[in-house]
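See below for the structure under consideration.
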């Protein structure tokens with residue numbers, strides 16, 4: 001799902017109300033893919049991320065943010081290169097990874113970071 005600023009505030013994090021206090025708004029852990037239409041690694045990552053989204057569809061949300069359409073969201077998270085993935089667990093602060101990761105690494109990160117499996 002592609003997020004606008006309004007959708008991001010509603011589904012992920014209201015940074016206008018809580019600029020210094022991370023409060024995740026979702027009901028499941030999430031990955032936010034900061035991408036751009038002109039980015040080759042983003043295009044490589046997209047189908048892999050789609051597979052991971054389907055594989056874990058009942059356990060996590062996968063969102064996309066186009067950095068060219070939503071520069072404010074990219075700036076808030078310090079996104080300087082794409083693709084950048086924001087990993088959001090239910091508890092605690094989110095973490096960030098950059099680059100097009102292979103599916104095995106994405107699955108491993110979903111399990112260890114979002115679902116807290118060993």
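Values in this text are rule-based calculations from the coordinates and carry no lab data. Every value quoted in this text rests on a predicted model; they were computed, and no experiment measured them. Here the Cβ is made from the backbone with ideal geometry for all residues, glycine too, and neighbour counts use every protein chain on show.
Quick notes on this structure:
- Whole-angstrom gap from the stretch 58-73 to the stretch 75-106, using each part's C-alpha centre: 11 Å
- Sorted peptide list for 105-114, 36-45, 82-91, criterion being average Cβ within 10 angstrom, highest first: 82-91, 105-114, 36-45
- Footprinting exposure proxy for 77, 34 (fewest neighbouring C-beta atoms within 10 Å first): 77, 34
- Estimated FRET transfer efficiency when R0 is 30 angstrom, pair residue 5-residue 58 (beta carbons, to 0.05): 0.65
- As a size descriptor, the averaged projected area of the C-alpha convex hull of the stretch 14-57 was calculated at 4.4 nm².
- Just so you know, the Cα atoms of the chain work out to an Rg and Dmax of 13.2, 37 Å.
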